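Take a look at the structure below.
The values are calculated or read from the model by the stated rules, or taken from the named source; none is laboratory data. Model, not experiment: these values are computed from the prediction. Here Cβ is always computed from backbone atoms with ideal geometry, including for glycine, and neighbour counts include all displayed protein chains.
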Amino acid sequence: MNCEQCQVLIHALIDGELDAGHAADVEAHVATCPSCAGELEAFRAMRAAMASADLKERAPAHLRARIEAALPSSPRRTTGRVASQMTSWRNFLGGLTVGTALSAAVAAMLVVAVIRNDAAQRIDEEVVSAHVRSLQAGHLTDVQTSDQHTVKPWFNGKLDLAPPVVDLTAQGFTLIGGRLDYVDGEEAASIVYRRRDHVINLFVTRQSGVEHGGAKTETVHGFNVRRWTQNGLDFWAVSDINAGELDEFSQKFRSALEPLSGHS
């Protein structure tokens with residue numbers, strides 16, 4: 001294991017998401033690499049500090065007392081100028097209430113957007129970690145063949161979905177096999193392609209509730225991730241090829257599925 005692979009898996013190790021074999025690989029590398037050992041220790045220290053920190057801020061007791069003292073103890077009749085002032089205050093407070101409600105609604109929408117973005121980013125990091133693990137010897141494919149009619153039926157009975165397998169060899173992306181993997185805690189299909197000396201892992205799961213905001217490419221830990229949703233399935237294409245070539249791969253794959261969409 002090299003430093004780049006270790007740095008991708010360090011976060012999964014801290015969160016307890018690695019299996020025993022990969023955890024042992026990371027620990028073995030850290031034991032011989034001062035740089036990665038220092039990074040792991042720093043992340044652990046930061047995690048411990050955040051868990052023990054008291055980040056809640058409470059209003060002082062005297063502020064509550066001042067507010068309660070300023071409130072009227074009983075309703076009083078008001079006339080003339082005082083009544084006019086009270087009406088103005090009521091109008092102001094009414095507008096403030098409406099404004100507060102609108103602000104709360106906007107804030108809620110922002111929170112939902114942040115949560116969705118965080119979920120999408122977390123899954124992107126998961127598929128990159130799975131991609132890196134697959135590059136280790138003996139992990140890339142469970143079924144190794146360039147025949148799509150062999151790869152596709154291999155998944156039958158192993159998943160609760162039928163992942164589409166497309167032969168893109170003529171377009172420069174050679175099918176080399178497939179395997180079972182995991183995305184967001186669920187079993188997923190990984191269809192493996194090669195572009196020159198570069199591996200492309202195409203992860204496929206049933207469509208989830210996580211919003212991806214349309215097809216887009218992100219860079220995560222030095223790898224490009226192209227994600228999209230089509231035919232009720234979520235796709236993540238991961239590789240170290242440049243973003244333009246990965247986008248080309250996704251476009252050709254999506255185009256090959258369009259006739260299937262028309263017959264569904």
Of LEU180, LEU159, LEU168, the only residue that is surrounded by fewer than 21 Cβ atoms within 10 Å (Cβ to Cβ), of a type outside the set (D, E, K, R) and touching a helix residue (DSSP H, G or I) at 6+ places or on another chain (Cβ under 6 Å) is LEU168
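Limited to region 15-36, what total is found for residues that are assigned to a helix (DSSP H, G or I) and either of a type in the set (S, T, N, Q) or surrounded by 15 or more Cβ atoms within 10 Å (Cβ to Cβ) (or both)? Walk me through how you get there before you give the answer.
If we filter region 15-36 for residues that are assigned to a helix (DSSP H, G or I), which is where we start, we get 20-32, 34-36.
With the extra rule that they be either of a type in the set (S, T, N, Q) or surrounded by 15 or more Cβ atoms within 10 Å (Cβ to Cβ) (or both), the set shrinks to 22-23, 25-26, 29-30, 32, 35-36.
Counting residues in region 15-36 that are assigned to a helix (DSSP H, G or I) and either of a type in the set (S, T, N, Q) or surrounded by 15 or more Cβ atoms within 10 Å (Cβ to Cβ) (or both) gives 9.
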Return yes when THR229 is hydroxyl-bearing (Ser, Thr, Tyr) and outside any strand (DSSP E or B) and no when it is not. no
Looking at region 109-119, is at least one residue in contact with an Asp or Glu (Cβ under 7 Å, 6 or more places away or on another chain), under 30 Å from ALA189 (Cβ atoms) and at pLDDT below 80? yes
List every residue pair whose Cβ atoms sit under 7 Å apart, with the two residues 6 or more apart in sequence or on different chains, where the first one lies in region 12-23 and is closer than 17 Å to GLN136 by Cα and the second, anywhere, is of a type in the set (Lys, Arg). HIS22/ARG133
